[in-house]
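Here the structure comes first, spelled out in structure tokens, and everything after it is commentary.
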Amino acid sequence: MPERLTDQIVRRAAAGNKAQVFIWDDQVKGFALRVTTRGSKAFVLDYRVNGRQRRMTIGNYPDWSVAAAREQAKAMKRDVDLGADPMGDRHDERTAPTMRDLWQRYRSEHLCHKSVRSQADETAMWRDLILPKLGKERVRDLTVEHVERLHRQISTERGTPVRANRVIEVLRKAMNLAVRWKWRPDNPVVGIRKNPEHKRQRYLSMGEIARLNVALDDHPEQGSADAIRLLMLTGARRGEVLNATWDMFDLDSGIWTMPSAHTKQRRQHRVPLAGAAVDLLRRIKQTSDSSFIFPGKSPERPLTDIKRTWKSLCEKAQIEDARIHDLRHSFASILVSQGASLPLIGAMLGHTQVQTTQRYAHLYDEPLKGAAELVSQAINGASGRYSPSQ
């Protein structure tokens with residue numbers, strides 16, 4: 001029978017030879033002391049919610065006195081009467097997904113569909129920047145302040161403001177997915193102010209290209225030198241060249257067909273090859289024993305890094321402040337100088353959006369000025385030239 005629990009009763013309570021016994025309180029229905037055979041004592045509360053019987057531990061004795069545990073039981077029963085489920089809430093709190101859980105699902109359901117390069121890049125962001133700071137945070141508890149602090153740390157403490165922006169973009173997508181998966185109701189990354197970025201406008205001059213060609217001929221590592229030659233001749237992205245396989249090429253027709261999984265825009269891209277590019281590939285193929293055009297140390301894997309070669313080439317050719325990707329910009333600038341239109345340049349480079357190609361529009365200034373001069377000369381040199389007196 002229930003009886004009023006007191007500190008004296010609790011101190012004397014024992015389970016005897018039973019695994020556990022319950023001593024019920026007659027003041028608060030469902031409130032009891034649980035005693036185990038090992039002498040452990042804890043206050044519990046039994047209650048029903050949505051037809052289900054629940055038992056929740058309030059706390060251990062003597063950490064909790066009888067009076068304190070009873071008051072807590074009363075408060076919990078009031079919450080239950082109002083529709084709450086303390087045991088369910090505690091369970092949800094323990095099992096609520098963390099940012100590390102979000103990364104695991106993001107990687108398996110979203111990132112896996114991206115290119116190999118994007119997977120590696122985003123994995124590095126999560127591993128090195130996001131998880132060390134936010135990994136233990138529950139997804140539902142992430143705040144704007146958390147995100148702004150991370151963005152600020154990457155921008156200022158690490159001195160990589162552009163990288164900080166890329167991290168924000170990845171986090172925004174991940175939190176959008178968290179909303180879709182009903183892990184939280186909103187996205188705290190939306191509206192975060194990013195650092196200003198300035199698009200590079202670096203193009204190699206014809207003099208620099210000439211010096212680069214000389215340096216390429218003299219370089220001891222001709223495998224990576226050939227990769228740079230193909231970048232120069234096609235305007236392709238570094239990852240597209242380094243991961244290229246022989247089955248993508250029809251050297252008789254002079255066509256390089258990149259599958260959708262191989263391109264940044266995730267769609268098939270056909271690249272017409274100049275004769276010099278075809279000759280380069282045929283020369284490489286004569287001694288190739290790999291499915292990759294540019295194999296790494298193992299024929300089963302592609303070459304992954306040509307940065308050291310590029311650095312040494314730039315030093316020898318006296319080329320300053322140039323990245324490998326600037327070869328792609330230089331390819332476009334040469335097309336412009338030869339009169340190619342923006343749509344043609346976009347098609348050659350595999351752009352899917354007009355605004356991406358539009359960055360090269362300013363290169364038309366000089367050709368257009370030249371064209372305007374031709375018209376001017378024709379008008380001024382024409383017979384019967386108009387004058388105000390006529």
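The values are calculated or read from the model by the stated rules, or taken from the named source; none is laboratory data. Keep in mind that this is a model prediction, so the values were computed, not measured. Here the Cβ positions follow ideal geometry from the backbone for every residue, glycine too, while neighbour counts run over all protein chains shown. Heavy atoms of the whole protein, side chains included, go into the accessibility calculation; ligands, DNA and RNA do not. Shrake-Rupley method; radii C 1.70, N 1.55, O 1.52, S 1.80 Å.
Yes/no matrix, rows are residues, columns are (1) small (G, A, S); (2) within 26 Å of A120 (Cβ to Cβ); (3) without any contact (Cβ under 8 Å) to a residue 24 or more places away in the chain:
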site	(1), (2), (3)
L242	no, yes, no
W246	no, yes, no
V278	no, no, no
S291	yes, yes, no
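Just wondering, is there one or more residues in segment 117-128 that are more than 11 Å from the chain's Cα centre (by Cα) and among the polar types (S, T, N, Q)? No, every residue in segment 117-128 fails to be more than 11 Å from the chain's Cα centre (by Cα) and among the polar types (S, T, N, Q). Going through (1) in contact with a Leu (Cβ under 7 Å, 6 or more places away or on another chain); (2) at pLDDT below 90; (3) under 15 Å from D226 (Cβ atoms) one by one, A361 falls short only on (3). When R107 is tested against (1) touching a helix residue (DSSP H, G or I) at 6+ places or on another chain (Cβ under 7 Å); (2) over 28 Å from R4 (Cα atoms); (3) not hydroxyl-bearing (S, T, Y), exactly one condition is not met: (1).
For segment 300-330: of the residues being among the hydrophobic types (A, V, I, L, M, F, W, C) and part of a helix (DSSP H, G or I), which is nearest to S224 (Cα to Cα)? Ranking the qualifying residues of segment 300-330, first place goes to W310.
For S291, the criteria (1) more than 26 Å from L204 (Cβ to Cβ); (2) in contact with a His (Cβ under 8 Å, 6 or more places away or on another chain) hold in every case but one, which is (2). Which residues, counting only those in segment 266-287, are of a type in the set (K, R) and either within 15 Å of A236 (Cα to Cα) or surrounded by 13 or more Cβ atoms within 10 Å (Cβ to Cβ) (or both)? Those that are of a type in the set (K, R) and either within 15 Å of A236 (Cα to Cα) or surrounded by 13 or more Cβ atoms within 10 Å (Cβ to Cβ) (or both): R266, R267, R270. Residues of segment 1-53 that are within 21 Å of A68 (Cβ to Cβ) and either in contact with a Cys (Cβ under 9 Å, 6 or more places away or on another chain) or among the basic types (K, R) (or both): R4, R11, R12, K29, R34, K41.
Against the conditions (1) at pLDDT 90 or above; (2) surrounded by fewer than 18 Cβ atoms within 10 Å (Cβ to Cβ); (3) part of a helix (DSSP H, G or I), P343 satisfies every one except (1). Scanning segment 301-322 for residues that are open to solvent by 100 Å² or more (accessible area, probe 1.4 Å) and closer than 27 Å to K199 by Cβ yields a total of 8. State whether the residues of segment 213-233 include one that is buried (at least 18 other Cβ atoms within 10 Å of the Cβ) and outside any helix (DSSP H, G or I). For segment 213-233, residues buried (at least 18 other Cβ atoms within 10 Å of the Cβ) and outside any helix (DSSP H, G or I): absent.
Kindly indicate which of S298, S253, S291, S260 is open to solvent by 30 Å² or more (accessible area, probe 1.4 Å), more than 29 Å from H113 (Cβ to Cβ) and of a type in the set (S, T, Y). Result: S253 is the single residue among S298, S253, S291, S260 that is open to solvent by 30 Å² or more (accessible area, probe 1.4 Å), more than 29 Å from H113 (Cβ to Cβ) and of a type in the set (S, T, Y).
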